[in-house]
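Notes follow once the structure below has been shown.
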Amino acid sequence: MNKLTFIIAFFGFVFLSNLAMAQAEMADAMRSEGKIYVVVAILLIIFVGLIGYLVMLDRKVSRIEKKLTEKKG
């Protein structure tokens, strides 16, 4: 392993460890103020919306595939 790779890996590890500590402190602060529930609710809404969109898209694609197979056959 050359020197540059080692230096990049070292600083990457230091950056990620500092980032993890900052996120833990932020999560504790948000939890103590009750804001964490707002964040969780928004993420849940986004996740449910994406799943709903994908299900709807899958149904549309299935209908189009069915029409194409009926025209060919």
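The values are calculated or read from the model by the stated rules, or taken from the named source; none is laboratory data. Just so it is clear, the model here is predicted, and its values are computed rather than measured. When we count neighbours, we look across all protein chains shown, and the Cβ atoms used for this are built from the backbone with ideal geometry, even at glycine.
Laid out as a table, the results:
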{"read-out": "Of residues in region 21-40 being part of a helix (DSSP H, G or I) and modelled with pLDDT of 80 or more, the one surrounded by the most Cβ atoms within 10 Å (Cβ to Cβ)", "value": "I36"}
{"read-out": "S17 being surrounded by 10 or more Cβ atoms within 10 Å (Cβ to Cβ) and either touching a residue at least 24 places away in the same chain (Cβ under 8 Å) or hydroxyl-bearing (S, T, Y) (or both)", "value": "yes"}
{"read-out": "Matching entry among L43, L57 (being within 30 Å of Q23 (Cβ to Cβ) and surrounded by 10 or more Cβ atoms within 10 Å (Cβ to Cβ))", "value": "L43"}
